[in-house]
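The values are calculated or read from the model by the stated rules, or taken from the named source; none is laboratory data. The structure presented is a predicted model; accordingly, all values stated were derived computationally and were not measured. Cβ coordinates were reconstructed from backbone atoms using ideal geometry, including for glycine residues, and neighbour counts include every protein chain displayed. Keep in mind that these areas ignore ligands, DNA and RNA; they rest on the heavy atoms of the full protein, side chains included. Shrake-Rupley method; radii C 1.70, N 1.55, O 1.52, S 1.80 Å.
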Amino acid sequence: MIVYIVRRLMQAALVMVVMSILVFVGIYLIGDPVLMMISPDASELEREAVRRALHLDLPMWRQYLLFVNDALHGNFGRSFLAGQPAMGLIFERFPATLELAFASLVMSLAIGLPMGVYAGLRPSTPGSKAIMTGSILGFSLPNFWVGLMLIMVFAVMLPDLIPGWPRLPASGRGATVDVLGVPLSFLTLDGLRHLLLPAITLSLYKGALIVRLARATAREVLPMDYVKFARAKGLSERRIVGVHVLKNIMIPIATVSGLEFGQTVAFAVVTETVFSWPGVGKLLIDSILLLDRPVVVAYLVIIVFFFVVLNLVVDLLYSVLDPRVRLESRAT
Amino acid sequence: MSATLSVRNLRTHFFTKEGVAKAVDGVDFDVAPGEILGLVGESGSGKTVTGFSILGLIDPPGRIVEGSSIRFNGEELTAASPERLRAIRGAAIAMIFQDPMMTLNPVLRVDTQMIETVQAHVKVSAAEARDRARKALVQVGIPSPDERLRAYPHQFSGGMRQRVAIAIALLHKPKLIVADEPTTALDVTIQGQILFEAQRLCRESGTAMIWVTHDLAVVAGLADRIAVMYAGRIVELGRTADVIERPMHPYTKGLIGSVPSQNTRGHRLAQIPGMTPSLLRLPAGCAFKARCPIAVDKCNEMPALEEHRPGHWARCWRAAA
């Protein structure tokens, strides 16, 4: 098991190196960050001074080695723009994105899983058909539009039309509580209210995916002999569905949830923008536009590391859910 | 002694879009305590559906048609509530399935699957249930049961899994076991062991057993009586020796004739010509007439299952021939 984890972390390190080179070269080729940052009427002398200060006058490979040297000492450089350490900038905003992604994942599982299992158990009832049709909507509605509609209905129209209807906030994180120095919204009522609309927006697609996956897997598991044998043993329907069927369904669900969670953390930009959620997505977009290389590189390094850890967690979860998966054997 | 199970006019039909498939269409038989009844037939003859009907495990679009009667220890099962059937299943009537690779849930440990079966029927502590599970494993000859209880099904061989399935079936000392081709997927040596165990358990505990199979050779050495099914009906029923040595129905004769033996070496193997008819479009009269070598005009009428010799029944106009 230890061997397995160490191997995975080494793979992660390799990916991080390759990716940092790619990002470095990519941003180097796009253009000169100094042109984006300094006012157009600055003299050539001033520009040269800024370039030297940021080591942009050096050849690319030296800039890269400089970066690697710093990074190995835990320093990912300062944002060209803000002047703050890039890592600090990202970690300031990362908890907000993680929290949003996690809330949307929990929401999509809590709603999608029972719906999907129900649709799998009773495929021909009107309820199941409604669920399946609804899931197509969940797939196909664009995120930003759903976000805007939710804002319009729950933050504007309903509270305006019906007196006393609670007005849901449409921007920001609301009140936060610091836990171990990390600000969290979901521990306060106000924070929860702020979290609700963006989380729903993000959970729609994920929920639809889980509904369809849960239904398909349930349809696959139900005709299995072990389900019929469980009936022949005289087990209650609740135990059969809740244990025998559900535990088998959870295997693909765990994989997809892990992937989806990573996707949301990395690419929640659109939703974060619509709801002015102070997450890391907005920071990344701005940094790319301004060629703020240290922030972009630091962000991608974190995301790669995050994905690796996430996949590791999913794999470990897998071995808990499915005893046939042997982690040791894969590590050799 | 009165019969453990008494099936009368059992009809299980499947109401599909293409029409009504009469998988089981008027089956009568009794099983006495301690008796092993071999239910023999080809695929699609209705033997498995008969087994599942007894446990009330027929899934839609199939159902047991009105007028059918399954009396178990005097209780009418076709009129029993779903909850009552659940209480009987796994306790008084147990079932063993064909493929031991598929009957145990791959993601649950063996102890989980055994303990839940105990606790589904009697209110006992987990420790007590575990102890019963352990004893059941010992009973079917599984070595180091404590260790085996903590294992997952994939860590067992096929024969061992079938033993576990049998141990689960035995947990509540059932009055009746329905075994659906439990040895078909096993090696011949393992098959022999399982057959021997089954026979011993029935003799010792007075458990009645219905052994569903397509393999006459298997039941010939195991069953007390044999019922041969064809197209949803019993065509011949009698003591094993009578049916094997003096078969009356041409279908049974064909089945026995198609078992290869020493004497048939070098000769072309005998086979029954034609195919099992579709259950959706059964011909009028005897379902076997199209494949029957001795069919006559009369066969366009359905013959009744009649006792041509003492205890030996056949559904054929020419049974005496």
Region A:95-289, relative contact order in percent, only Cα pairs under 8 angstrom and at least six apart counted: 34
Coarse-grained scattering of chain A at q = 0.08, 0.11, 0.15 Å⁻¹, given as base-10 log I(q)/I(0) from a Debye sum over alpha-carbon atoms: -0.52, -0.89, -1.28
Gap separating the Cα centres of region B:249-316 and region A:1-38, nearest whole Å: 76
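What does the accessible area per residue of the protein assembly as shown come to in Å², with a 1.4 Å probe and no ligands, DNA or RNA counted?
48
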Amide H within-cut-off set for B:Met95, under 5 Å, with H built and near neighbours excluded: B:Gly90, B:Val178
Bridge type composition, the protein assembly as shown - antiparallel percent by DSSP, nearest 5: 65
For A:His73, solvent-accessible area (1.4 Å; no DNA, RNA or ligand), Å²: 140
Interface residues, region A:194-238 - accessible area loss of 30 Å² or more versus chain alone, probe 1.4 Å: A:Asp225, A:Tyr226, A:Lys228, A:Phe229, A:Arg231, A:Ala232, A:Lys233, A:Gly234, A:Leu235
With DNA, RNA and ligands ignored, accessible area of B:Thr213 (1.4 Å probe; Å², nearest 10): 10
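Using protein heavy atoms only (no ligands, DNA or RNA), what is the total accessible area buried between B and A, 1.4 Å probe, nearest 100 Å²? Spell out each step's value before the answer.
Details: alone 15360 and 17990 Å², together 31110 Å².
Interface area, both chains combined: 2200 Å², rounded to the nearest 100.
Based on the Cβ-Cβ distance from B:Val188 to A:Gln11, what FRET efficiency comes out when R0 is 51 Å, to the nearest 0.05?
E between B:Val188 and A:Gln11, to the nearest 0.05, is 0.60.
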Residue range of chain B that is longest and free of trypsin sites (Lys or Arg not before Pro) which are both DSSP loop and sparsely packed (at most 16 other C-beta within 10 Å): B:151-264
The protein assembly as shown, accessible surface, carbon-and-sulfur percent (1.4 angstrom probe): 62
In nm, spacing of pseudo-spin labels at B:Glu245 and A:Asn75 (7 Å Cα→C-beta vector): 10.1
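All other residues with a Cβ under 15 Å from the Cβ of A:Phe24 taken together, and with Lys, Arg as +1 and Asp, Glu as -1, what is their net charge?
-1
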Per-q log10 I(q)/I(0), region A:95-289, q = 0.17, 0.19, 0.20 Å⁻¹ (Debye; single scatterer per alpha-carbon; no solvent): -1.09, -1.23, -1.30
Normalised per residue, the volume of the convex hull around the Cα set of chain B (Å³): 150
Complex-versus-alone comparison for region B:97-131, residues with a loss of 40 Å² or more in accessible area, probe 1.4 Å: B:Phe97, B:Met102, B:Thr103, B:Asn105, B:Pro106, B:Val107, B:Leu108, B:Glu116
Leading residue at positive end of dipole, the protein assembly as shown (Cβ point charges), from B:Gln162, B:Val65, A:Ala230: B:Val65
Neighbour cut-off at most 13 other Cβ (10 Å), DSSP loop, GluC sites (Glu not before Pro), region B:1-64: B:Glu18
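Counting other Cβ atoms within 10 Å of each Cβ, which GluC sites (Glu not before Pro) in region B:232-301 have at most 13 and sit in a DSSP loop?
Here the GluC sites (Glu not before Pro) that fit, given the DSSP loop and packing criteria, are B:Glu301.
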Environment charge of A:Leu222, counting only residues whose C-beta is closer than 14 Å and scoring Lys/Arg +1, Asp/Glu -1: +2
Region A:95-289 - charge dipole about Cα centre, Lys and Arg +1 at Cβ, Asp and Glu -1, debye rounded to 20: 960
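Given charges of +1 on the Cβ of Lys and Arg and -1 on the Cβ of Asp and Glu, with all other atoms neutral, how large is the dipole of region A:169-249 about its Cα centre, in debye to the nearest 20? The partial results should precede the final answer.
Details: 12 positive and 5 negative charges, 97 e Å.
In total the dipole reaches around 460 debye.
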Rounded FRET efficiency, nearest 0.05, which uses the C-beta distance separating B:Ala127 from B:Ala87 and R0 of 35 Å: 0.90
Cβ-Cβ FRET estimate between A:Phe91 and A:Ile162, R0 fixed at 41 Å, reported to 0.05: 0.50
Unit Cα scatterers, Debye sum, region A:2-72: log10 I(q)/I(0) for q = 0.23, 0.24, 0.25 Å⁻¹: -1.05, -1.10, -1.14
Whole-Å distance, taken between Cα centres, linking region A:92-126 and region B:39-97: 39
Computed over chain A: relative contact order in percent, which uses C-alpha pairs under 8 Å that are six or more apart: 28
